[in-house]
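The values are calculated or read from the model by the stated rules, or taken from the named source; none is laboratory data. What you see is a predicted model, and the numbers here were worked out from it, not measured in a lab. Neighbour counts are summed over all protein chains in view; Cβ atoms, including those assigned to glycine, are modelled from backbone coordinates with ideal geometry.
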Amino acid sequence: MAANRVPNGQIVTRFPPEPNGYLHIGHAKAICIDFGMAEKYGGRCHLRMDDTNPEKEDQEYIDSIKTDIRWLGFDWGDYEYHASDYYDQLHAIAVNLIKQGMAYVDSLSAEQVREYRGTLTEPGRESPDRNRPIEENLKLFAEMRQGKHPEGSLVLRAKLDMASPNINMRDPALYRIKFASHPRTGDKWCIYPMYDFTHPISDAIEGITHSFCTLEFEDHRPAYDWATSIDGIDHAPRQYEFARLNITHFVLSKRKLLNLVKSKIVGGWDDPRMPTLCGLRRRGYSPESIKDFVNRVGVAKVESIVDYNLLEFCVREDLNKRATRMMAVLDPVKVVITNYPEDQVEWLLADNNPENPAAGQRKIPFSRELYIEREDFMEVPVKGYHRLYIGNEVRLKHAYYITCTGIEKDADGNILEIRCTYDPESKGGMTEDGRKVKGTSHWVSARHAIDCEVRLYDKLFLVENPGVATGNYLDDLNPESLVVIPEAKGEPALLDTHSGDYLQFIRNGYFTPDSKDHSKKHPVFNRTATLKDSWSKKLQKNDR
RNA sequence: UGGGAUGUAGUGUAAUGGUAACACUGCAGAUUCUGGUUCUGCCUUUAGGGGUUCGAGUCCCUUCAUCCCAGCCA
């Protein structure tokens, strides 16, 4: 995109987050564009904190933003800036503007400014202060800086065009008074520059060539072009707009995300159901899957809503390649292999990842009493069911073929244990005679099993566009977005997993140890995504 | 009713004025020691109407639809 505009091919971009919230997947799109363009054309990308509103901004956010960008795999090198680095320069430029009669101090109240601005269809009127003498402007502006005037009493405005059809050009505010302490400049300033003034000039100072931003800034481009053409600014970056990322079943507005956190609907910014980068990370998403997703979505100027399915496809595709396969039983029922020696234990070999032989193998213990998934047995099998039922033979993954001979129930009819026999010839999961066994179940040896907590995460919202039909996105919350299984049974090797590991619990989905709560003493696994499940789909169809 | 943008399968994104395509979803089937993976096939597209042209998704006119803008937020 327009890289040929730069003579030596050196393009310079910037990612300019406002540190007033955590980065989410929508920002990931911007990051991929800003850093990606620079990478692609052999340029560089600056990280610049757009910190011009001390009331909303916080060091906590600054730190998290840097962590998240690095996690995604991007590096701004030494090019780390803050809009607040330019406060002195910005101030000098403003003073010059006043001297040239191009800016004035306005004493209209905020309400009055609004009235004078006119409406979308009617032009505005000029402020009575618009022609205040330059000397007076200079004096007042100096006093503003010295803290001699209360917040809201005065504002510095550019003298542009009150009749402009573009409201952003009707004498935009350049500086406002705020007696707020800034995370970086402390109490040095009590006047702070506005976005339309700060952003373009910061871009110019840094030698940015391509300033990418979202569509809503399109209307600000004339203001951007004005600010970068102020006398003394010798570099003219150009602004390009692209559409924001929207994803079905998600909300991506800072306000709504903040509300989810504050109202404790989720556990925090890094709750695995949040679309924040820290949330997705804790959920078990790899940075590669997120970047792949963003690349597949593409860049355009049409407002669009991407199907959540595409995101899930991207994680699954990536995790399928890299996740270590393990076995865990979430809803255990006991299986007793009646012809297997009481005290015998065999350590069977299992592939860590069939998609990647280099991942090696590990050993899992097999014994007479096992757990399998409750839904892997049916007393009265439905049509097409090829798992365990009385008389049927199935394979225990990596182990043996077993045939169900009977079950034992309690007084209420609950299945207590399933009795089976095994075929010693089928060790490793196959036989010489090549007979077909359709069903394969995962399992865990009862005496070797470890107890673990498993957190089953699902979409936070039930509908594609939360709030659109109901009027309130909170009405569309999925009550089952988190289902906790306090005591799942897992194979022993699960004890050796760590935060950041990508796992697949065979036939159950992709999981990762929780970065906050997981420990050897109390293993906790978060479900990143389910496996595709054509069987339950088929069942549902048969029900209808 | 001011200004700025945008309309291509269900979704997202491509197509020097020259056969409308790719991915996801959905559906059907094959393979499989995960009902996963993999593979095969199918469904469905240029907002409407005019015009220019041998030929239009692309150029022109027009209509319609959608989004953004009236912070001393970014």
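Every condition in (1) under 14 Å from A:Pro287 (Cβ atoms); (2) touching a Ser or Thr at 6+ places or on another chain (Cβ under 7 Å) holds for A:Pro54 except the one numbered (1).
Filter segment A:471-492 for residues that are outside any strand (DSSP E or B) and crowded, with 18+ Cβ neighbours inside 10 Å and give the result. Even if it seems obvious, please write down each step before you answer.
From segment A:471-492, those outside any strand (DSSP E or B) are A:471-476, A:478-481, A:491-492; that's our starting set.
A:Tyr473, A:Asp476, A:Ser481, A:Glu491, listed by residue number.
When segment A:293-302 is examined, which residues are found to be surrounded by fewer than 23 Cβ atoms within 10 Å (Cβ to Cβ), outside any loop (DSSP other than H, G, I, E, B) and either hydrophobic (A, V, I, L, M, F, W, C) or within 13 Å of the chain's Cα centre (by Cα) (or both)?
Just the residues of segment A:293-302 that are surrounded by fewer than 23 Cβ atoms within 10 Å (Cβ to Cβ), to begin with: A:295-302.
Those still in the list that are outside any loop (DSSP other than H, G, I, E, B) too: A:295-297.
Residue satisfying the conditions is A:Val297 alone.
Can you tell me which of A:Thr52, A:Thr13 is at pLDDT 95 or above and out of contact with any Pro (no Cβ under 9 Å at 6 or more places or on another chain)? Quick ask: steps written out before the conclusion?
Details: A:Thr52 fails: out of contact with any Pro (no Cβ under 9 Å at 6 or more places or on another chain).
Within the list A:Thr52, A:Thr13, the selection yields A:Thr13.
Please determine, by comparing only the residues of segment A:303-337 that are away from RNA strand B (no atom under 11 Å from the Cβ) and assigned to a strand (DSSP E or B), which one is farthest from A:Ile407 (Cα to Cα). Only one residue tops the list, namely A:Ala328. Just one of the listed residues (A:Leu47, A:Leu72) is touching a Phe, Trp or Tyr at 6+ places or on another chain (Cβ under 9 Å), surrounded by fewer than 22 Cβ atoms within 10 Å (Cβ to Cβ) and modelled with pLDDT of 95 or more, and it is A:Leu72.
Take the residues in segment A:502-544 that are acidic (Asp, Glu) and more than 18 Å from the chain's Cα centre (by Cα), then tell me which one is farthest from A:Ser286 (Cα to Cα). Walk me through it before giving the result.
Here is the first cut: in segment A:502-544, the residues acidic (Asp, Glu) are A:514, A:517, A:533, A:543.
Narrowing the set further to residues that are more than 18 Å from the chain's Cα centre (by Cα) leaves A:517, A:533, A:543.
Working: A:Asp517: 19, A:Asp533: 22, A:Asp543: 37 Å.
By that ranking, first place goes to A:Asp543.
Here's the yes/no breakdown for (1) in a helix (DSSP H, G or I); (2) within 16 Å of RNA strand B (Cβ to nearest atom); (3) basic (Lys, Arg); (4) crowded, with 18+ Cβ neighbours inside 10 Å:
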| residue | (1), (2), (3), (4) |
| --- | --- |
| A:Leu495 | yes, no, no, no |
| A:Gly500 | no, no, no, no |
| A:Gln504 | no, yes, no, yes |
| A:Tyr510 | no, yes, no, yes |
| A:Asp517 | no, no, no, no |
| A:Lys537 | yes, yes, yes, no |
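Residues of segment A:304-361 being aromatic (Phe, Trp, Tyr) and either in contact with a helix residue (DSSP H, G or I) (Cβ under 6 Å, 6 or more places away or on another chain) or surrounded by 19 or more Cβ atoms within 10 Å (Cβ to Cβ) (or both), which ones? Break it down into steps so the answer makes sense when it comes.
As a first pass, look at segment A:304-361 and keep what is aromatic (Phe, Trp, Tyr): A:308, A:313, A:340, A:347.
Of everything in segment A:304-361, just one residue is aromatic (Phe, Trp, Tyr) and either in contact with a helix residue (DSSP H, G or I) (Cβ under 6 Å, 6 or more places away or on another chain) or surrounded by 19 or more Cβ atoms within 10 Å (Cβ to Cβ) (or both), namely A:Tyr340.
Sub-6 Å Cβ pairs linking a first residue in segment A:426-447 that is hydroxyl-bearing (Ser, Thr, Tyr) to a second residue that is part of a loop (DSSP other than H, G, I, E, B), at least 6 apart or interchain, are A:Ser426/A:Tyr400; A:Thr440/A:Lys397; A:Ser445/A:Ser367, ordered by first then second residue.
So is A:Tyr385 closer than 25 Å to A:Asn542 by Cα and within 44 Å of the chain's Cα centre (by Cα) or not?
Working: closer than 25 Å to A:Asn542 by Cα: yes; within 44 Å of the chain's Cα centre (by Cα): yes.
Here the answer is yes, as A:Tyr385 does meet what is asked.
A:Lys427 fulfils the conditions (1) in contact with a Phe, Trp or Tyr (Cβ under 7 Å, 6 or more places away or on another chain); (2) away from RNA strand B (no atom under 11 Å from the Cβ) except for a single criterion, (2). Under the condition of being crowded, with 24+ Cβ neighbours inside 10 Å and aromatic (Phe, Trp, Tyr), the residues counted in segment A:268-285 number 1. Candidates are the residues of segment A:292-302 that are within 6 Å of RNA strand B (Cβ to nearest atom) and without any contact (Cβ under 8 Å) to a residue 40 or more places away in the chain; the one that is farthest from A:Asp533 (Cα to Cα) is A:Gly298.
Quick one: which of A:Ala163, A:Ala158, A:Ala142, A:Ala180 is loosely packed, with under 15 Cβ neighbours inside 10 Å and in contact with a Pro (Cβ under 6 Å, 6 or more places away or on another chain)? The conditions single out A:Ala163.
Check A:Asp187, A:Asp171 and return the single one that is closer than 17 Å to A:Asn53 by Cα, out of contact with any Asp or Glu (no Cβ under 7 Å at 6 or more places or on another chain), more than 8 Å from RNA strand B (Cβ to nearest atom) and not hydrophobic (A, V, I, L, M, F, W, C).
Numbers: A:Asp171 fails: closer than 17 Å to A:Asn53 by Cα.
Going through A:Asp187, A:Asp171 in turn, just one is closer than 17 Å to A:Asn53 by Cα, out of contact with any Asp or Glu (no Cβ under 7 Å at 6 or more places or on another chain), more than 8 Å from RNA strand B (Cβ to nearest atom) and not hydrophobic (A, V, I, L, M, F, W, C): A:Asp187.
Among the residues making up segment A:433-454, those that are surrounded by fewer than 19 Cβ atoms within 10 Å (Cβ to Cβ), more than 8 Å from RNA strand B (Cβ to nearest atom) and assigned to a loop (DSSP other than H, G, I, E, B) are A:Asp433, A:Gly434, A:Arg435, A:Ala446, A:Arg447, A:His448. Of all residues in segment A:237-274, those that are within 30 Å of A:Asp225 (Cα to Cα), part of a loop (DSSP other than H, G, I, E, B) and not basic (Lys, Arg) total 6.
Of all residues in segment A:225-247, those that are more than 11 Å from RNA strand B (Cβ to nearest atom) and more than 17 Å from A:Met37 (Cβ to Cβ) total 12. Residue pairs whose Cβ atoms lie under 8 Å apart, sitting 6 or more positions apart in sequence or on different chains, and linking a residue in segment A:91-111 that is more than 8 Å from RNA strand B (Cβ to nearest atom) to a partner that is of a type in the set (Gly, Ala, Ser) and assigned to a loop (DSSP other than H, G, I, E, B), are A:Ile93/A:Gly232; A:Asn96/A:Gly232; A:Tyr104/A:Ser127.
Is there a residue being more than 20 Å from the chain's Cα centre (by Cα) and either more than 30 Å from A:Val251 (Cβ to Cβ) or in a helix (DSSP H, G or I) (or both) anywhere in segment A:21-36? Outline the logic, then answer.
Here is the first cut: in segment A:21-36, the ones more than 20 Å from the chain's Cα centre (by Cα) are none.
No; the residues of segment A:21-36 include none that is more than 20 Å from the chain's Cα centre (by Cα) and either more than 30 Å from A:Val251 (Cβ to Cβ) or in a helix (DSSP H, G or I) (or both).
Residues in segment A:131-168 that are over 41 Å from the mean Cα position of the chain (by Cα), within 13 Å of RNA strand B (Cβ to nearest atom) and among the small types (Gly, Ala, Ser): A:Ala163 alone.
Counting just the residues of segment A:190-224 that are within 27 Å of the chain's Cα centre (by Cα) and among the polar types (S, T, N, Q), which one comes out farthest from RNA strand B (Cβ to nearest atom)? Filtering segment A:190-224 for residues that are within 27 Å of the chain's Cα centre (by Cα) and among the polar types (S, T, N, Q), the one farthest from RNA strand B (Cβ to nearest atom) comes out as A:Ser211.
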